[in-house]
Amino acid sequence: MVSSGNNYKDKVSQLISWGHWFSFFNIIAAMLLGTRYIAHSEWPASLLGQLYLLTSWVGHFGFLVFGFYILILFPASFIIPSQRLMRLFAVLVATIGLTALLLDTHAYESLELHLSPLVWDLLLSGERTELNARWQYLFITVPVIFLLQLVLSEWLWRKLRKLTRKHVGVPIATVFGICFISSHLMYIWADANLYRPITAQRSNFPLSYPMTAKTFMEKHGLLDREEYTERLNAQGIEASEQLRYPLEKMAFDDPGTGKNLLVVMIDGLRSDMVEADTMPYLSAFASQNLNFENHYSSSNENTAGIFGLFYGLPSSYINSARSSNTKPLVVSTLEKRGYQFGLFGSDDLLQDPIYTEAIFSGLPLEAMAGIAQDTEVVESWANWLEARDSDKPWFSYIELNSVQNFEEGGDYTPRFEPSLGSNNISGQDTNLILKNSYRNAAYFIDEQLIQIFDQLVQQDALDDTIVIITANHGTEFNETGSNSWGANSNYSQYQLKVPLVIHWPGSVSSVSDRLTSHLDIAPTLMEALLNTTTPASAYSSGSSLFTGSSKRRWILAGNERDIVMIQPTSTTVIDQYGNYLVYDQDYKRLDAAKPKLSTLMQAMHEMKRFHQAH
């Protein structure tokens, strides 16, 4: 037994020695809990990746626990005079630490997130869900952990002299130190060389911040930043998780209706432009057909919005689709049914990999080469329509970008003044000038739509053609007061809300104000055009516009970084780390608002449901 008559120096020395051994056994406990992260994470494909996993597992948890010892218990050894009180304090700290780690492992297994403000809010929300109940059961283990820590504390104190004489402290510390340093050196190399079996493990463990040294390497000529960026963009595709799409084999009642399909994508057109003054033709056409006035794109980015429309999947699956060259079910089914394809747009369409590597992979996009103006796009489409094989149904995609590029102007007479290019715009409000130029571009597109429908009528094809007119995202003119212009800067309705007008032969004209999404278009076509009997949940995150619920609670939007839940009265934005912000309909922060646990769980599950299981 350790003598109680030691002086202050001896007491501190004993407590420090005891603290080292107490930390060591807690490192082992933390490592054992840490195996839950390994079991739930993707297993490295290479031997080097597996070696990094082993060294980072040992080094990270060794550093994490010992770091808490240095920051908390080591200083306390000098402050708390009583060894019993000090050991009780250490037991409390260790109990709290292991409980937090246990909760974190459960959060990682359930949400693939580490503890964050969002996770804590969900834990303490009081909402009655199965997940919340399971989380609260974990707190039952707290007394068990506390008792085990008390037993460990007492046993180590009794065996302290015997353990000290073994002289194994230095070798143990050396092993942990080597593992910690080597794991960071391996990550520095992997990060510079974009070696995914290692870089994919970056966020496996809590409070993990692997070291990088790109700036240092670039400064000393060891890294070419431009070449690195190119490889990084390419790896974003190669390193993506495998897509499981559809989730089950597709079944069909019959070969479908055989109707033609025309999708007109107007880049950057926001929904409030469909009104009699700005787009009189489209406004009139909408009143005579199916007009979805509360419709949202699946993203505020160009390609992500188009991806959502064709696949019916959130933007988190873009790289997976590109990596596997997986076409949308709508496109691949039309191809199998013998549809003729006519795909028209500007040169950007040829250069954008979302088309060449995913949506229209393997289909003839060369017809669009050299086309720059929307008038030429429409003319080329009209020529194709005349020359096509009239005995076969067809699918055509027309992308018009005058609205997106409104600041560049065009060969059209301005309808709204003042606008960019006006002779006298001094003293005018910049916002008004930009918005009028934008409206001029929208009016010009409206005239192009007249040409498209005139051609359909001339070819006697309108009654046999489903026409979908929409946009990939909207355009903001700082309506939110956050210095946001254009798109891809926030998730307000100005950047996400887009028109959706559908001409469906045989349908009765109607105006719908229910919440709809780009993710609904693919299920609509699969069910109502191609007559699939497979439920939409097997291949999409949306539901048919014709059969979906009129009381929808939320729809999904976002990009590869953010999950966005759009609800009738609010918008919730959640980043990849689990931090969240809630906004009202005008995109003003609601500081006290919190997402509902059950709703959030559904949304997060949907962002990963179509990825292959690890």
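In region 18-41, how many residues are over 30 Å from residue 163 (Cβ atoms) and either among the β-branched types (Val, Ile, Thr) or buried (at least 16 other Cβ atoms within 10 Å of the Cβ) (or both)? Within region 18-41, residues that are over 30 Å from residue 163 (Cβ atoms) and either among the β-branched types (Val, Ile, Thr) or buried (at least 16 other Cβ atoms within 10 Å of the Cβ) (or both) number 1. Can residue 441 be described as hydrophobic (A, V, I, L, M, F, W, C) and either closer than 30 Å to residue 387 by Cα or not assigned by TED's automatic domain parsing to the domain that holds residue 291 (or both)? Judged against the criteria, residue 441 is a match.
Do we have residue 226 as modelled with pLDDT under 90 and either under 30 Å from residue 494 (Cβ atoms) or of a type in the set (Asp, Glu) (or both) here? Spelling it out, residue 226 is indeed modelled with pLDDT under 90 and either under 30 Å from residue 494 (Cβ atoms) or of a type in the set (Asp, Glu) (or both).
For region 481-527, filtering for residues that are β-branched (Val, Ile, Thr), surrounded by fewer than 14 Cβ atoms within 10 Å (Cβ to Cβ) and assigned to a loop (DSSP other than H, G, I, E, B) leaves 1. Within region 406-431, the set of residues being surrounded by 15 or more Cβ atoms within 10 Å (Cβ to Cβ), at pLDDT 80 or above and under 34 Å from the mean Cα position of the chain (by Cα) comprises 406 only.
Inspection of region 93-108 finds a residue satisfying the criterion of being modelled with pLDDT of 75 or more and loosely packed, with under 14 Cβ neighbours inside 10 Å. Among the residues of region 332-345, those identified as of a type in the set (Gly, Ala, Ser) and either crowded, with 23+ Cβ neighbours inside 10 Å or part of a helix (DSSP H, G or I) (or both) are 332, 345. Would you check if there is a residue in region 193-212 being aromatic (Phe, Trp, Tyr), buried (at least 16 other Cβ atoms within 10 Å of the Cβ) and more than 35 Å from the chain's Cα centre (by Cα)? Among the residues of region 193-212, not one is aromatic (Phe, Trp, Tyr), buried (at least 16 other Cβ atoms within 10 Å of the Cβ) and more than 35 Å from the chain's Cα centre (by Cα), which makes the answer no. Among (1) farther than 26 Å from residue 41 by Cβ; (2) part of a loop (DSSP other than H, G, I, E, B); (3) not polar (S, T, N, Q), which single condition is residue 218 missing? Result: residue 218 passes all but (2).
Hey, could you check region 303-331 for residues that are of a type in the set (Ser, Thr, Tyr) and at pLDDT below 95 and say which is surrounded by the fewest Cβ atoms within 10 Å (Cβ to Cβ)? Checked region 303-331; the qualifying residue surrounded by the fewest Cβ atoms within 10 Å (Cβ to Cβ) is 324. Filtering region 560-578 to residues that are part of a loop (DSSP other than H, G, I, E, B), touching a residue at least 24 places away in the same chain (Cβ under 8 Å) and either surrounded by 17 or more Cβ atoms within 10 Å (Cβ to Cβ) or out of contact with any Leu (no Cβ under 9 Å at 6 or more places or on another chain) (or both) leaves 560, 562, 578. No other residue among 481, 486 is within 23 Å of residue 304 (Cα to Cα) and either touching a Pro at 6+ places or on another chain (Cβ under 7 Å) or among the small types (Gly, Ala, Ser) (or both) apart from 486.
The values are calculated or read from the model by the stated rules, or taken from the named source; none is laboratory data. Because the structure is predicted, anything quoted here is derived from the model rather than measured. So basically every Cβ, Gly included, is an ideal-geometry build from the backbone, and we count neighbours across all protein chains shown.
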